[in-house]
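Nothing in this text is a laboratory measurement; each read-out follows from the coordinates by a stated rule. Since the model is a prediction, treat every value here as computed from it, not as a measurement. Cβ placement follows ideal geometry from the backbone for every residue including glycine, while neighbour counts extend to all protein chains displayed.
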Amino acid sequence: MNERTKGIIKLVILAVVIAVLTVLCIPFMHLLVSEEGRAEICEKVRSYGVFAPIIFMLLMALQVIVAFIPGGPLELIGGMLFGSGIGLLVTVVGAFLGTLCVCGLVRTFGKPLVDFFVPAEKAEKFKILRDEEKLELWVFILFLIPGIPKDLLTYLVPLTKIRVRDFLLLSTLGRFPSLAASVLVGDSLSEGRYWLAVGICVAAALLSFIGLQIKNRITKERSE
């Protein structure tokens, strides 16, 4: 079997996988965007009893793999279901597993897979990833900044020469603060501590604004 045939087979498999995931995830996405839908997800996950944390971790991994599924609502659900401690643990592990899967998929299928989830104009905003000398530093900073679309980055970074173990470590550490904030908001809402939830959201919005300004400035300076 020649390389061209292998490439065509890969593209066909990729198209089938993307189509199946899209069809399966549409109902899930509709549930996430409404309060009633999120409550339904909570009840469904709770119904699995002792296996509920595992089910939630798989949902978190799926959210990272299917990049257009919104992550914020699911992170809130983690806090509402399991509290701040266990909720953060299962959320972080789920995001780690999803990132590992994406890395494997991108290294297998390459740019055609990335192009499906990341529009060219958005990918162009992360030209900073072409800086191989400071690649690990930029990956950590980008994942750390609130408001940066982490799931798009998860697809873009494996196209670089970064080692898988470094990527997994840096992305997990970078995601941690924003995941912790979302889980804590979910826990606070479920416990009726609305003032804390509002305070975290305001702080996150402020940090997101500052972070995006810093990122845009760095990107502009490096393109000049």
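Whole-Hz Karplus values for region 49-64 come out as x, 5, 8, 4, x, 5, 4, 5, 4, 5, 5, 4, 4, 4, 4, 6 Hz, taken residue by residue from phi with 6.51 cos²θ - 1.76 cosθ + 1.60 and θ = phi - 60°; glycine and proline positions read x.
For region 158-164, 3J(HN,Hα) computed residue by residue from phi via the Karplus equation (6.51, -1.76, 1.60; θ = phi - 60°) reads x, 6, 7, 8, 5, 6, 4 Hz, glycine and proline entered as x.
In a fully extended conformation the segment linking His30 and Leu206 would gain 60.5 nm over its present Cα-Cα distance, using 0.36 nm per residue. Annotation: for a label point projected 7 angstrom from Cα along Cα→Cβ of Arg46, residues of region 58-95 with backbone N closer than 18 Å are 74-88. Judged by the mean number of other Cβ atoms found within 10 Å, the most tightly packed of the peptides 76-87, 127-138, 164-175 leads the ranking 76-87, 164-175, 127-138.
Classify region 81-182 as rounded, prolate or oblate from the Cα gyration tensor: take a ≥ b ≥ c as the square roots of its eigenvalues, call it rounded if a/c is under 1.5, otherwise prolate when a/b beats b/c and oblate if not. Since a/c reaches 1.5 and a/b is larger than b/c, the shape of region 81-182 is classed as prolate. Extension gain, Val164-Ile54: 0.36 nm per intervening residue step, less the Cα-Cα distance, totals 37.2 nm.
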